[in-house]
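Data block below; observations after.
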Amino acid sequence: MAGVPGISLRGVSKTYRGRGADVVALKDMNLDCPPGSFTALIGPSGCGKSTAMRVALGLEDYDAGEVRIAGQAPATATASGITGVAFQDAALLPWRTVTRNIALPLEVLGRDPAHYSHEIANLIELVGLKGYEAALPGQLSGGMRQRVSIARSLITSPEVLFMDEPFGALDQIRRRQMNVELQRIWLETKSTALLVTHGIDEAVFLADYVVVMHANPGRVVEVIEIPFPRPRSDELYSTPEFHEMTDRIARVLHGQ
Amino acid sequence: MASDRSFWRSPALRNLLVLLAAWEVIGQLKLVAGGALPPVSAILARFWLDRADYPGHAAATVWSSTLGFLIGNALAIMAGVLFVLFPRLQRLARGVNIAVFALPAIAIAPILVLTLQGIAPRVVLAALGVYFVTMTATVVGLSQYDSRSADVVRAYGGGDWLVMKLVRLRGAIPDILGGLRIAAPNAVLGAILAEFGGGGRWGLGTYLLGSLGRGDPARLWGIGLMATLIAGLSYAVFALISARVLGSTRSVTLNTALPPGDGDANAPLALKIALALGAAALPFILWWAFIRLSGVPEMIAKTPWGVVDYLFIADTSAVARAKLGAALMQTLPITALGMVAGLGFAFLLAISSRMMPGFIRAFMPIALVTQTMPLVALTPLLVLMLGRGISVTLWITISVTFFPAFVLLMQGLQRVPQSVLDLPRAYGASAWKELRMVSIPAALPYLFAATRLTVPRALLGVMIAEWLATGTGLGNLLNQSRGYLDYGMIWTVASVSVLLSVAFYYLVLMVERRTLTRLGMQVVE
């Protein structure tokens, strides 16, 4: 697989045909996520960043262009179990326990969850939920539910990991804690990661590349490389280099 | 759920005790129609004397309603799943669904007794009583799934079937249980109506029919309360199950994504027209097939064409039309009047309940209990108290429209967020202004839904009253035609009452869509 990009979108366009007005969600979008890299997709609401991720996952059709995940079409890649996904909302099934929610992708892929009990237990420990194996989502806090959803996204040992604002519903303090944890988990798994977010400091803290998008029509305006060494710690947030980087991205976001 | 639980606590329990005490006093003093309302103690004493009769009759009713409940719900859930998987099938079946919903059970009870054997009429009527409720609950439950959970399944390459299996079916269970809860008393009502409509030796309906002539109020009350108890218990069983199942499995956050739209909106026009025509024709095709398959002689069992022939072509058609016309002129005005009064009363009480929430909380459980009282059992009691005049018909119509409308309106008003209610107040609006700006518009969609949904019940109530009490209108025509073996008229009354109820349903739906679209509101299913 050497040399094959983890995720690649080439000239992808998508238009939502509504009553009266058509909305161009994506126009001639190009995106390359090298294998093993962490890419953050950032932009204002409605710039098409979530659409781009849904297209890459095969959840939405697109009008033109080409999408490849590990060299395969999205539907083939997802059905072969090499991808993992975490959405903005934890989207847990309310009637399933933590363990059975984490096992859901296995059932969809037609694998026997019983063979994965060891992996599930490890993931529960990894996200710090030991002791909550039999809890229902309604008994967990918002942060705990998000951690279940992160564990669920990792159960297939994905080569490619998609995250759509996975911590969007959390407060700033929790978010920073979860970002540190997410980095630790990602460093252990060594997958190709694509994070959709509208938090600038979250993108800078986590990513190797920050891809900035603009709306109307949805398009990529600049790709910025983030050179900070890993593992990155909480102290990074207070350094002048970090602030310089966030200011630069903010300027690109505001079209300056 | 809150109302189910609060029933066992005060003040509902206290109100019940007060009600029973007042009942006893009024009964002892013979304050209502010279003893038509016997004291509770007299009803219990009579019940004790009749204790040998009850087990057999009650068991027969429970047996046939249980069978009907099982068969009807199995069909309803299967139909619901199919309708969700194949929306075009649902369009095709729309006519049948509406017809089943609008069927005034009393009109087809004699037909079923004519065409089927043994307890089959009871089972069929019980099954018809549950089908629409459960089918609708299944469709609603399966349609309102959490699109985010479905995305997770699809993101791993899962297709429609896996989404159905892992997300939608389990997610629909609370809705289906809610449907079963409402359907259970309907099954009991259907079985009793069929028992009452003829044949058989056992069953509470048969017992009621046999006891009507004796004019013993305590006996009639005993049967009525027994029927209510069975229906109420069946409701309670499912209320309990759904409270257990719901527990902690409700979605913990609100899904803000829009539900997937009607994918069939841009289907070719020809297909749409074909489906609409098919939907209108299908009930008649099924009717025709039912007659052919049951093998009942044509003289007794009329096909759709047979009814047209009877009403417009045969030598006696002029007489038949005159009879039918006269009956309709008696039935329709009283139904309309009763509905307007019942709905208006429910509307006023519901919107003013904002000012006296305590009273409503205590009143709701009693309203729910009366909902489970089988109409056939209620009517003779009202006749005892109100006599055989027009007022009994009016009261029945008011009561069958008032309670469902009130319950629906209250549910609607409870969905208005507190902040919306607080906003006018925060700008110093008076209570009246708040009502006018928030509560009344918020209740409007539910008033329309209540009107549409109570039409068949109102027609059923009027026809039962006419059959049992006043000797006028469609109900009486149906009863007389049974006596004269005028099969053509039986089928005619049955089909006309169904058509009327369907026509009225669509009329309200049309006005409702226009009005609510103008106000930017959603139609309540």
Which of A:Arg54, A:Arg147, A:Arg232 moves most in a GNM of chain A, Cα contacts under 10 Å?
-> A:Arg232
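What pairs in A:Lys14/A:Lys49; B:Lys302/B:Lys323; B:Lys165/B:Lys272 have C-alpha atoms more than 20 Å from each other? Intermediate values should be presented prior to the final figure.
Details: A:Lys14/A:Lys49 12 Å; B:Lys302/B:Lys323 18 Å; B:Lys165/B:Lys272 30 Å.
Beyond 20 Å: B:Lys165/B:Lys272.
At 0.36 nm per residue, and after removing the present C-alpha to C-alpha distance, how many nm does the segment from B:Trp432 to B:Val511 gain when stretched out fully? Each step should come with its number before you reach the end.
Details: separation 79, 0.36 × 79 = 28.44 nm, distance 2.66 nm.
Gain on extension, B:Trp432 to B:Val511, equals 25.8 nm.
May I ask for the longest run of chain B untouched by trypsin sites (Lys or Arg not before Pro) that are loop-located per DSSP and have at most 16 neighbouring C-beta atoms (other than their own) within 10 Å?
Working: sites that count: B:Arg9, B:Lys30, B:Arg51, B:Arg201, B:Arg214, B:Arg250, B:Arg388, B:Arg415.
Excluding the exposed sites themselves, the longest stretch runs over B:52-200.
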Given a Förster distance of 45 Å, the FRET efficiency implied by the Cβ-Cβ spacing of A:Thr76 and B:Val237, rounded to the nearest 0.05, works out to 0.35
For chain B: relative contact order, % (alpha-carbon pairs under 8 angstrom, 6 or more apart) = 19
For chain B, with only Lys/Arg (+1) and Asp/Glu (-1) charged at the beta-carbon, what is the dipole magnitude about the Cα centre, in debye rounded to 20?
-> 800
Whole-angstrom gap from the range A:185-234 to the range B:220-239, using each part's C-alpha centre = 64
Once phi is turned into ³J(HN,Hα) by the Karplus curve 6.51 cos²θ - 1.76 cosθ + 1.60 with θ = phi - 60°, what whole-Hz value does each residue of the range A:207-214 show in order, with x for glycine and proline?
-> 8, 8, 10, 10, 9, 9, 10, 10
Go through the range B:480-489 residue by residue and turn each phi into a ³J(HN,Hα) via Karplus (6.51, -1.76, 1.60, θ = phi - 60°); whole Hz please, and just put x for glycine and proline.
-> 4, 5, 4, x, 7, 6, 8, 4, x, 5
Separation of the range A:100-119 and the range A:127-172 by C-alpha centroid, Å?
-> 16
Please give the peptides A:6-12, B:293-299 ranked by average Cβ packing (other Cβ atoms within 10 Å per residue), highest first, as a rough proxy for protection.
-> A:6-12, B:293-299
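Give the calculated FRET efficiency between A:Val221 and A:Glu181 to the nearest 0.05, with a Förster radius of 45 Å applied to their Cβ-Cβ distance. Before the final figure, lay out the partial values.
Numbers: r = 31 Å, r/R0 = 0.68.
After rounding to 0.05, the efficiency reads 0.90.
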The ³J(HN,Hα) series, computed from each phi in the range A:42-47 with the Karplus coefficients 6.51, -1.76 and 1.60 at θ = phi - 60°, rounded to the nearest Hz and given as x for glycine or proline, is 10, x, x, 4, x, 8
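Regarding chain B, what's the average projected area of the Cα-atom convex hull, expressed in nm²?
Details: hull surface 109.3 nm².
Computing the convex hull of the Cα atoms and averaging its projections yields 27.3 nm².
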For labels at B:Leu423 and B:Gln144 in the simple 7 Å Cα→Cβ model, what's the distance in nm?
-> 2.2
Label-point separation (nm) for A:Asp22 and B:Gln28, each offset 7 Å from Cα along Cα-to-Cβ?
-> 8.3
Name the residue farthest towards the positive end of the dipole of chain A from the options A:Leu140, A:Ala77, A:Leu123, assuming +1 on Cβ of Lys and Arg, -1 on Cβ of Asp and Glu, about the Cα centre.
-> A:Leu140
Using R₀ = 56 Å, calculate the FRET efficiency as 1/(1 + (r/R₀)^6) where r is the Cβ-Cβ separation of B:Arg388 and A:Gln139; round to 0.05.
-> 0.40
Calculate how many DSSP beta bridges within the protein assembly as shown are antiparallel, expressed in % of all such bridges and rounded to the nearest 5.
-> 55
Under 17 Å from a label point 7 Å along Cα→Cβ of B:Arg51: give me every residue in the range B:212-238 with its amide N that close.
-> B:219, B:222-223, B:226
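Just need the relative contact order of the range B:302-525 here, percent rounded to a whole number, with Cα pairs under 8 Å and 6+ apart.
Numbers: 237 pairs, mean separation 63.2, N = 224.
It rounds to 28 percent for the range B:302-525.
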Given the C-alpha centroids of the range B:152-195 and the range A:242-256, what is the distance between them in whole angstrom?
-> 52
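Any read-out appearing in this document is the output of simple, stated calculations on the displayed coordinates, not a laboratory observation. Small disclaimer: the values here were computed from a predicted structure and weren't measured. Backbone-built Cβ (ideal geometry, glycine too); neighbour counts: all protein chains shown.
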